[in-house]
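Read through the structure below, which is laid out as structure tokens, and then see the notes.
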2 protein chains.
Amino acid sequence: MSSKIAHISSMPNSAHCQTCSLSSLCLPVSLQDDEIEQLDNIVEKSRPLHKGDILFRQGEELRSIFAIRAGSLKTFTLTHDGEEQINGFYFPGELVGLAGLDEGEYPMSAKLMETTTVCEIPYARLDELLGQMPELRRSLMRSLGREIRDDQQMLMLLSRKTAEQRIATFLLKLSTRYQARGYSATQFRLSMSRNEIGNYLGLAVETVSRIFTRFSSAALLRVEGKEIELLDLAALNEVSGDSHGEGCGHSLKLG
Amino acid sequence: MSSKIAHISSMPNSAHCQTCSLSSLCLPVSLQDDEIEQLDNIVEKSRPLHKGDILFRQGEELRSIFAIRAGSLKTFTLTHDGEEQINGFYFPGELVGLAGLDEGEYPMSAKLMETTTVCEIPYARLDELLGQMPELRRSLMRSLGREIRDDQQMLMLLSRKTAEQRIATFLLKLSTRYQARGYSATQFRLSMSRNEIGNYLGLAVETVSRIFTRFSSAALLRVEGKEIELLDLAALNEVSGDSHGEGCGHSLKLG
DNA sequence: CGCATGTTTGACGATACTCAATGTGTGTGG
DNA sequence: CCACACACATTGAGTATCGTCAAACATGCG
């Protein structure tokens, strides 16, 4: 359980922003070629980091934000009683570390859930570019805004949704995000444990497990350890409570 | 219940950013005098708007963000089943509307809880200034970051705290915010109803009411309708679950 | 003054947590 | 390569917290 601090050493000559297949997700801006090149120049690509490594730690000085190239990580804070509270999961093409921009230090820690490659974007350099490139600036604003909206959807989830609705919502969100980066929307591998899912959704592990089996019995999905197949997106959507169709909120009876 | 859309008409010659006592809260930046003047030029001060008025509506094009000069408002979204979900309460010196910057439209509505005066900051003009003034840019970043951190504290609250802890946390947060703007930290008037508090904290109205009386019985506070006096900040802190001292989590027994 | 809205209090019940035991997988070391 | 240990996952039983329903009470607005 000795989680090492990830030490980024730049790859000799890896990929570039210009050719990165994730660029449309990472910073969806319409930049000039030379602007992209400028951006590319300040970005440091890491060699793969290992599962369990800490990318940054709560309270550390915020020197960089990170874009994920491959793999996945979780961000979390520690509660007063030393428990870890997961704030979010991050996948390729997503930016991590934005939340700390105001304080100059990371308000939470980031830990890899599997072998992961990131792009490091030094904030000082980025800040210069922001002054020169309005589009980049707006793009970053959009990323911040998206972060806020995501959090607010979570607020909604935590304050109004039942356990079933939370899990359904969670799975559908994952589905959407996987789809956005070219993976299957219905079949994927959960990179987080049931424990982490429960922590994130404000549920006990046991509840998560029970609902997985309940959904399985109802043929909404197929579970095999961490492998998941969503069998009935429409029904999941119904259960999630986000559907506009009248969901009248009846919960699942066992099949 | 006919909530009018607030229509901002600029005051002939009201206050200026240069002399605003809230400027340190609103945009806590170290700007040059001429920079502040530039900012002041694009800000439109409203005449007082009435309780119940809508400042902006979810889905509307985001033309401006707002700074509150006096009064208070709540932001909320509508759930799929038409219920209102409160996202936050805003007080003088705070910025509203930031969350929509990415999409170009407001992701939620804002409704006044009492007679309120705001400064309107047209986004197009602001964006120009952002390119010219690095400090202003960082300040706005900080505001966005703060919004994110606040949301994440709420996530923590909703996913891990009991009803008692939520109410205690809520009251202490209010206390801090009031203090920051020069009001009493222990005596204030709740501008929101019990219903709105419950909605915001993910609790039923009845639960909110019960806990208020429970706190009252335990001499943690004094309630008289919307008037509140916090009698034992230390104890409230203890109950809130945020204290670092060992809280061993025993709930209040009636006095 | 009366109706509407907001608040308080009580009784009851459901959802999800805790505790506990068993089952399953994963990684490590012999 | 197997065996063991450890973390993770599932399932069950009992319970507590909080939500729902209901009614009385207070407050405020027209």
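Remind me, relative contact order of chain A in percent, using alpha carbon pairs under 8 angstrom and six or more residues apart?
It comes to 17 percent, rounded to a whole number.
Taking θ as phi - 60°, what are the ³J(HN,Hα) couplings along region A:114-123 by the Karplus curve (6.51, -1.76, 1.60), each to the nearest whole Hz, with x for Gly and Pro?
Ordered by residue, 3J(HN,Hα) equals 6, 4, 9, 10, 10, 9, 9, 10, x, 5 Hz.
Report the net charge of residues surrounding A:Gly225, where surrounding means a beta-carbon distance below 14 angstrom and charges are Lys +1, Arg +1, Asp -1, Glu -1.
Spelling it out: positives minus negatives among the neighbours equals +1.
Once the Cα atoms of region A:127-206 are picked out, what are the Rg and Dmax in Å?
For region A:127-206, the Cα radius of gyration and maximum Cα-Cα distance read 16.3, 52 Å.
For region A:159-164, what does the Karplus curve 6.51 cos²θ - 1.76 cosθ + 1.60, with θ = phi - 60°, yield as ³J(HN,Hα) per residue in whole Hz, taken in order and with x for Gly and Pro?
Ordered by residue, 3J(HN,Hα) equals 8, 10, 9, 6, 4, 4 Hz.
Whole number please: convex hull volume per residue of the Cα set in region B:104-255, in Å³?
It comes to 149 Å³ per residue, whole-number rounded.
Under 8 Å for C-alpha pairs, at least 6 residues apart: give me the relative contact order for region B:17-157, rounded to a whole percent.
Answer for region B:17-157 is 33 percent.
Using the number of other C-beta atoms within 10 angstrom as an exposure proxy, rank A:Ile36, A:Ile197 with the fewest first.
Fewest to most other Cβ atoms nearby, the residues stand as A:Ile36, A:Ile197.
Give me the extension gain from A:Glu37 to A:Ala219: residue separation times 0.36 nm, minus the current Cα-Cα distance, reported in nm with one decimal.
60.6 nm
Around A:Leu190, with a cut-off of 10 angstrom between Cβ atoms, what is the net charge of the other residues, counting Lys and Arg +1 and Asp and Glu -1?
For residues surrounding A:Leu190, the net value is +1.
What percent do you get for the relative contact order of region B:74-127 when only Cα pairs under 8 Å and 6+ apart count?
Relative contact order of region B:74-127: 34 percent.
On average, how many beta carbons from a partner chain sit within 10 Å of the beta carbon of a residue in A:77-90?
3
Report the normalised scattering of the protein assembly as shown as log10 I(q)/I(0) at q = 0.06, 0.07, 0.09, 0.12 Å⁻¹, calculated by the Debye formula with identical scatterers on the alpha carbons.
-0.30, -0.41, -0.70, -1.26
Amide H of B:Leu231: which non-local residues (sequence gap of 5 or more, or other chain) have their own amide H closer than 5 Å, using H built in the peptide plane?
It is B:Leu221, B:Arg222, by chain and number.
Hey, in the GNM for chain A with a 10 angstrom Cα cutoff, which one of A:Gly82, A:Gly93, A:Gly202 fluctuates hardest?
Among A:Gly82, A:Gly93, A:Gly202, the largest GNM mean-square fluctuation belongs to A:Gly82.
In sequence order, what are the phi-derived ³J(HN,Hα) couplings for region A:212-218 according to the Karplus relation 6.51 cos²θ - 1.76 cosθ + 1.60 with θ = phi - 60°, rounded to whole Hz, with x for glycine and proline?
Couplings: 4, 5, 4, 4, 5, 4, 7 Hz.
Of all alpha-carbon pairs in chain B, indicate the percentage at a distance above 26 angstrom.
In whole percent, the long-distance tail amounts to 44.
Plugging the Kirkwood radius over Cα pairs into Stokes-Einstein for region A:17-157, at a temperature of 25 °C and a viscosity of 0.890 mPa s, what D comes out in µm²/s?
157 µm²/s
Under 12 Å from the Cβ of A:Pro48, count the other residues' Cβ atoms, weight Lys and Arg +1, Asp and Glu -1, and hand me the total.
+2
Choose one of A:Phe76, A:Ala204, A:Tyr106: the residue whose Cα lies farthest towards the positive end of the charge dipole of chain A (beta-carbon charges +1 Lys, Arg; -1 Asp, Glu; about the Cα centre).
Among A:Phe76, A:Ala204, A:Tyr106, the one farthest towards the positive end of the dipole of chain A is A:Ala204.
Within chain A, count lysine pairs with alpha carbon atoms under 14 angstrom apart where the residues are 8 or more positions apart or belong to different chains.
5
Bear in mind that the values in this text are calculations on the coordinates, not laboratory data. Everything numeric here is computed off the predicted structure, so don't read it as measured data. Every residue, glycine among them, receives a Cβ derived from its backbone with ideal geometry; neighbour counts consider all protein chains shown.
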